[in-house]
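**Student:** Below you will find the structure I want to go over with you.
The values are calculated or read from the model by the stated rules, or taken from the named source; none is laboratory data. All figures in this text were calculated on a predicted structure; none of them were measured in a lab. Cβ placement follows ideal geometry from the backbone for every residue including glycine, while neighbour counts extend to all protein chains displayed. In case anyone asks, the SASA skips ligands and DNA or RNA and just uses the protein heavy atoms, side chains included. Shrake-Rupley method; radii C 1.70, N 1.55, O 1.52, S 1.80 Å.
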Number of protein chains: 2
Amino acid sequence: MPAHYSLTETEEAVNRRLGAFPIRREALAAVSNLHRAAAAVRQHLENSALRVADLTWSAFVVLWVVWIWEEIETRHAAAEAGISKGTLTGIIKTLESRGLIQRSQHPDDRRLALLRLTPEGLALMERLFPAFNDEEAFVVGALEEHEALDLAACLRRIVTHLEEHGEQRRNDLRRQTPVPPRRGGRRRTE
Amino acid sequence: MPAHYSLTETEEAVNRRLGAFPIRREALAAVSNLHRAAAAVRQHLENSALRVADLTWSAFVVLWVVWIWEEIETRHAAAEAGISKGTLTGIIKTLESRGLIQRSQHPDDRRLALLRLTPEGLALMERLFPAFNDEEAFVVGALEEHEALDLAACLRRIVTHLEEHGEQRRNDLRRQTPVPPRRGGRRRTE
DNA sequence: CCAGAATCACACGTACACGAATGAAAATGG
DNA sequence: CCATTTTCATTCGTGTACGTGTGATTCTGG
């Protein structure tokens, strides 16, 4: 799904439209390319390694997290996978119905649920992971190994920065401009 | 939504589980951090600059593309926004119902639809974009300007590489292992 | 001990997001 | 010309994805 206009054309169009605005161009370029790259990588992995197992990206990430930690509480699995608990519930349901994952109750705290791979899920990951990692290597194939490591480090600094200061920043903004509630969310039963 | 386990803990767990597999670690780290960063950045922007206008990320990207090109065919808008044509249809519907965008028919080819911002949409973007760019600057705030530019360049190389060689790669894989059709997609009317 | 606060998994409503199917329209090719 | 093929936006089915509401369960201060 390549872009239709060339990078040069887009650059010219942006300049025409944004000439009057003072812009932090390096920030615009970094954020824009970040999402373009993430989408392209996800697309490639879903259509190569994951296609064979008929898994979506998110489903694979959840399997990966559970595999790595062997047994994990759902709230931690959601945090590690980078999705909300509500989203995780749906994915678990899908993976459970396919016999790849199993839920059990925490022995001490009955509010908690624990996740584990089934033997089928374990076998799938042991078969799938090498192929997945091969495709990861392919997507960074245009980079030298040290460049990929620098890239990873740079991205991690962004994540850390947002984890440490993002909430503060958003709160400050809300103080200046009160924000409407986000759309979606369960409606009050009236 | 920070991760629950520390990076060190995760590293140890990964080593325990993957000790037996030969891994391209720099690729794993780059791809993993790429998605973590993209999700964190998107989350921040949706909950800061975009929250004020009650726009989702995808809706904003579509508005941005149409703004930059002034008038654009839907298929090109989808390519530029990095979403499928089917997804674009739904987003257009939302934006049209909010009076931010308008569709019209191509004068020469009646299969094509053209997109334009309404005056309200234009006013929104002129008001919203500076605030959005401020937040983009915030998310790369942990990076020096030259680092952000290097990052953008690196990411662009990944995108270019996938656009140039991704399809070939996926076709080669399919020759080795015939893949099942993706789940989802309209079912044949039988 | 026990009332209120906190936290949990999950249900639910809205909005993407994809690829396959579909039907309309335009290009192609004899 | 007219049938075939191609190209287009859209519809449809499945699966995330979010944040909020809900009820069950546990924690906590008095």
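**Student:** Kindly list, by first and then second residue, each pair from a residue in region A:135-162 that is closer than 12 Å to B:Leu34 by Cα to a residue that is of a type in the set (Ser, Thr, Tyr) and surrounded by 18 or more Cβ atoms within 10 Å (Cβ to Cβ), limited to pairs with Cβ atoms under 6 Å and residues at least 6 apart or on different chains.
**Tutor:** none
**Student:** Next question. Pairs please, first residue from region B:42-57 and in contact (Cβ under 8 Å) with a residue 24 or more places away in the chain, second anywhere and open to solvent by 30 Å² or more (accessible area, probe 1.4 Å) and not in a helix (DSSP H, G or I), Cβ atoms under 6 Å, 6+ apart in sequence or on different chains.
**Tutor:** Listed by first residue and then by second, the contacts come to B:Val52/A:Thr177; B:Val52/A:Val179.
**Student:** Going by the conditions given, is A:Ala38 facing chain B (nearest Cβ under 7 Å) and within 12 Å of DNA strand D (Cβ to nearest atom)?
**Tutor:** Numbers: facing chain B (nearest Cβ under 7 Å): yes; within 12 Å of DNA strand D (Cβ to nearest atom): yes.
Judged against the criteria, A:Ala38 is a match.
**Student:** Given the residues B:Val52, B:Val14, B:Val41, B:Val31, which is the only one that is under 23 Å from A:Glu147 (Cα atoms), more than 18 Å from the chain's Cα centre (by Cα) and at pLDDT below 95?
**Tutor:** That would be B:Val14, the only listed residue that is under 23 Å from A:Glu147 (Cα atoms), more than 18 Å from the chain's Cα centre (by Cα) and at pLDDT below 95.
**Student:** Sort out which residues of region B:46-57 are more than 11 Å from DNA strand D (Cβ to nearest atom) and surrounded by fewer than 18 Cβ atoms within 10 Å (Cβ to Cβ), and write them in order of number.
**Tutor:** B:Asp54
**Student:** Which numbered condition trips up A:Glu70, out of (1) touching a strand residue (DSSP E or B) at 6+ places or on another chain (Cβ under 9 Å); (2) buried (at least 19 other Cβ atoms within 10 Å of the Cβ)?
**Tutor:** Result: A:Glu70 passes all but (2).
**Student:** For region A:135-150, which residues satisfy the criterion of being at the interface with chain B (Cβ under 7 Å from one of its Cβ atoms) and more than 18 Å from A:Gly82 (Cβ to Cβ)? Explain how you work it out, then say what you get.
**Tutor:** Initially, region A:135-150 is screened for residues at the interface with chain B (Cβ under 7 Å from one of its Cβ atoms), giving A:136-143, A:145, A:147-149.
The answer is A:Ala137, A:Phe138, A:Val139, A:Val140, A:Gly141, A:Ala142, A:Leu143, A:Glu145, A:Glu147, A:Ala148, A:Leu149.
**Student:** For region B:90-109, check the following and say yes or no: at least one residue is touching a Ser or Thr at 6+ places or on another chain (Cβ under 9 Å), more than 16 Å from DNA strand C (Cβ to nearest atom) and open to solvent by 80 Å² or more (accessible area, probe 1.4 Å).
**Tutor:** Yes: one or more hits.
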